[in-house]
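What follows is a set of notes on a single structure, which appears directly below.
The values are calculated or read from the model by the stated rules, or taken from the named source; none is laboratory data. What you see is a predicted model, and the numbers here were worked out from it, not measured in a lab. For neighbour counting, all protein chains shown are included, and Cβ atoms are generated from backbone atoms with ideal geometry for every residue, glycine included. With ligands, DNA and RNA removed, areas are computed over all heavy atoms of the protein, side chains included. Shrake-Rupley method; radii C 1.70, N 1.55, O 1.52, S 1.80 Å.
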Amino acid sequence: MQICVNNIIIHCNKWEQVKKVFDLISTRMELGQIINNKRYIARVWIANEAFEFSFMNQYFKWRNIFAADMRKPIIAETECGFMYQDALYISGASLESLAETYNTPTKKTHDLDYSKMRISSTPLTDKELYYTSADVRILAEFNDWIMINYVDNGLD
């Protein structure tokens, strides 16, 4: 799993690493805290949240979940202050289409070889690292577009 924070890509091979990253972010940013009657949260865009949620479900305590059905969360908020949103469901587009539609600087250039068996210790080639980094970079750039065009204009 890859995480993009302030345009820095963090590659994690195990869910325990992902949990540590989110715990650190939550603590440093005081997420989940209520200050001046406002609960501080961080938006996290996920491609195919239904798939990721099946793994995330065991690592986080959930506060609110809005779903299309039992196994298809669209927005899921944790107790520790993260709001996970399914970019593909909300936008109705693939990552490749998302990059084209919102004219993000990062574009998808190739696909990952899904016939290759991978485990947490499988090293990624430079081409595979670019591919996985592009995924989260496109989501981060999509978030920037949403923030500029909606949130900064009070349309949140």
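Among the protein heavy atoms of the chain, carbon and sulfur supply 52% of the accessible surface, probe 1.4 Å, non-protein parts ignored. Taking a straight Cα-Cα cut-off under 18 Å and skipping sequence neighbours fewer than 8 places away in the same chain, the lysines within cross-link reach of residue 127 are 107, 108, 116. The Cα atoms of the range 1-83 give a gyration tensor whose axes a ≥ b ≥ c have a/c of 1.5 or more with a/b no greater than b/c, which makes the shape oblate. Spacing of the modelled spin labels on residue 23 and residue 145, each 7 Å from Cα toward Cβ, amounts to 3.6 nm.
The heavy atoms of residue 66 offer some 130 square angstrom of accessible surface to a 1.4 angstrom probe. Computed from label points 7 Å out along Cα-Cβ, the spacing between residue 34 and residue 62 is 2.2 nm. Label zone of residue 113 (point 7 Å out along Cα→Cβ, amide N under 18 Å): in the range 121-143 this covers 121-133.
Note on the chain: GNM, Cα springs under 10 Å; of 133, 54, 115, the largest mean-square fluctuation is that of 115. Rounded, prolate or oblate: which one fits the range 61-107, using the alpha carbon gyration tensor with axes a ≥ b ≥ c (rounded when a/c is under 1.5, else prolate when a/b beats b/c, else oblate)? Here the range 61-107 falls in the oblate category.
Starting from the Cα gyration tensor of the range 67-140, take the square roots of the eigenvalues, sort them a ≥ b ≥ c, and report rounded, prolate or oblate (rounded when a/c is under 1.5, otherwise prolate if a/b is larger than b/c, else oblate).
It comes out oblate by the Cα gyration axes.
Of the whole protein surface, residue 69 contributes about 80 Å² of accessible area at a 1.4 Å probe radius.
Here the ratio of the Cα radius of gyration of the range 12-151 to 2.2 N^0.38 Å is 1.11. Simple spin-label estimate for residue 69 and residue 127 gives 3.7 nm between the two label positions (7 Å along the Cα-to-Cβ direction from each Cα). When each of the peptides 2-8, 138-144 is scored by the mean number of other C-beta atoms lying within 10 Å of its residues, the order from highest to lowest reads 138-144, 2-8.
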